[in-house]
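Step one of this worksheet: look at the structure below.
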Amino acid sequence: MAERKAEVERNTLETQVRVSINLDGTGNSDIQIGVPFLEHMLDQIARHGLIDLTIRSTGDLHIDDHHTVEDVGITLGQALRQAVGDKRGIRRFGHAYCPLDEAMSRVVVDFSGRPGLHFHVDYPRARVGNFDVDLFQEFFQGLVNHAFITLHVDNIRGTNTHHIIETVFKATGRALRMAVEPDPRMADVLPSTKGAL
């Protein structure tokens, strides 16, 4: 299987984002985007997905975090799509349940070639520190739209907002890890009866 790495840069009048990704990494991350709570969550994806991830972003954080959070999701999605390549030999589907104390979430992913987000997470609080938790749906929408994946995110239980969000990101990392993993039984086969993904 070819090297599964990508580097993507996205520049707008609102943000400048650069993402480097290695799907066959060891979970190393170096994330500097000026939004500490999102940095912490992206580290969960890298660590639990065994994805090496470097992200740099600058932008209009003096207004709020919205553009940065969404544009990081978009750029990460573009990088993920490039890195996975033609999808031959991958498992395609991935799923994970992850707990953290009282909280537990489930994430299911399909590298279907069709963007779709089904996000079912209710938060007990509107903010964690200074971070507006509603922005996480914007992050995932940007991710799926540009990675061309279908993603189902369900929080099953939880009372601590930080714990709920962290279970979502850990499960996302584990589900991605499973989906992009080479399947030795598939070798160079495209995992679709359509012949295209």
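The values are calculated or read from the model by the stated rules, or taken from the named source; none is laboratory data. Note that this is a predicted model, so its numbers are computed, not measured. No Cβ is skipped: glycine too gets one built from the backbone with ideal geometry, and neighbour counts run over all protein chains shown.
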With free of Cβ contacts under 8 Å to residues at least 12 places away in the same chain and over 26 Å from residue 195 (Cα atoms) as the only criterion, which of 71, 101, 134 stands out?
134
2 or more residues polar (S, T, N, Q): qualifying strands (runs of 3 or more DSSP E) within the stretch 86-197:
150-157
Since residue 49 meets every condition but one in (1) within 17 Å of residue 169 (Cα to Cα); (2) over 15 Å from the mean Cα position of the chain (by Cα), which condition does it not meet?
(2)
Here the residues within the stretch 62-97 that are under 20 Å from residue 133 (Cβ atoms), among the hydrophobic types (A, V, I, L, M, F, W, C) and either crowded, with 17+ Cβ neighbours inside 10 Å or within 16 Å of the chain's Cα centre (by Cα) (or both) are 69, 72, 74, 76
Hey, any hits in the stretch 124-134 for a residue that's buried (at least 20 other Cβ atoms within 10 Å of the Cβ), touching a strand residue (DSSP E or B) at 6+ places or on another chain (Cβ under 6 Å) and modelled with pLDDT of 95 or more?
no
Conditions (1) on the phi < 0 side of the Ramachandran plot; (2) in contact with a helix residue (DSSP H, G or I) (Cβ under 9 Å, 6 or more places away or on another chain) -> residue 158 fails only (1)
Of all residues in the stretch 161-197 being more than 27 Å from residue 125 (Cα to Cα) and touching a helix residue (DSSP H, G or I) at 6+ places or on another chain (Cβ under 8 Å), which is surrounded by the most Cβ atoms within 10 Å (Cβ to Cβ)?
176
Scanning the stretch 115-158 for residues that are farther than 15 Å from residue 94 by Cβ and acidic (Asp, Glu) gives 122, 132, 134, 138
